[in-house]
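Undergrad: For reference, the structure I am asking about is given below.
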Amino acid sequence: MAQIIVNDEKQDVTLPLTLSELIKQNKVFQPEMVTVQVNEEFVEKEDYDKTQIKEGDHVDFLYFMGGGSL
């Protein structure tokens with residue numbers, strides 16, 4: 001068991017684990033709309049399957065919301 005931080009909360013995970021698998025485990029809403037940072041570095045969507053999560057990593061799922069005009 002390894003411990004990581006996901007959106008500022010400690011989480012125990014089993015390694016090896018890819019970023020894609022972590023997204024599924026966390027039931028990320030609309031994963032196609034999320035941007036991910038690992039240790040404050042943005043990860044390209046095409047790299048999710050090959051990005052390995054490591055003990056102590058800090059992962060942030062970021063959603064960018066657009067606004068409208070009146």
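The values are calculated or read from the model by the stated rules, or taken from the named source; none is laboratory data. Keep in mind it's a predicted model, so treat the numbers as computed, not measured. So basically every Cβ, Gly included, is an ideal-geometry build from the backbone, and we count neighbours across all protein chains shown.
Undergrad: Please work out if Val36 is more than 20 Å from Met1 (Cβ to Cβ), modelled with pLDDT of 95 or more and under 12 Å from the mean Cα position of the chain (by Cα).
TA: So Val36 passes the test.
Undergrad: Can I ask one more? Suppose we keep only residues that are over 10 Å from the mean Cα position of the chain (by Cα) and not in a loop (DSSP other than H, G, I, E, B) within region 43-70. Which one would you say is nearest to Thr18 (Cα to Cα)?
TA: Going through the qualifying residues, I end up with Gln52.
Undergrad: Any residue in region 39-68 that's over 22 Å from Gln3 (Cβ atoms) and free of Cβ contacts under 8 Å to residues at least 24 places away in the same chain: show its pairings with residues that are outside any loop (DSSP other than H, G, I, E, B) and of a type in the set (Asp, Glu) at Cβ separation under 9 Å, as long as the two are six or more apart or on different chains.
TA: Short answer, once both residue conditions are applied: Lys45/Glu32.
Undergrad: Considering region 7-31 alone, what residues qualify as being of a type in the set (Val, Ile, Thr), out of contact with any Asp or Glu (no Cβ under 8 Å at 6 or more places or on another chain) and either surrounded by 14 or more Cβ atoms within 10 Å (Cβ to Cβ) or part of a strand (DSSP E or B) (or both)?
TA: Within region 7-31, Val13, Ile23, Val28 meet the criteria.
Undergrad: Considering only residues that are over 19 Å from Val13 (Cβ atoms) and in contact with a helix residue (DSSP H, G or I) (Cβ under 9 Å, 6 or more places away or on another chain), look in region 42-70 and name the one that is modelled with the highest pLDDT. Give the steps one after another, and end with the answer.
TA: Filtering region 42-70 down to residues over 19 Å from Val13 (Cβ atoms) leaves 42, 44-46, 62-70.
Narrowing the set further to residues that are in contact with a helix residue (DSSP H, G or I) (Cβ under 9 Å, 6 or more places away or on another chain) leaves 45, 63-64.
On the way: Lys45: 96, Tyr63: 88, Phe64: 80.
That would be Lys45.
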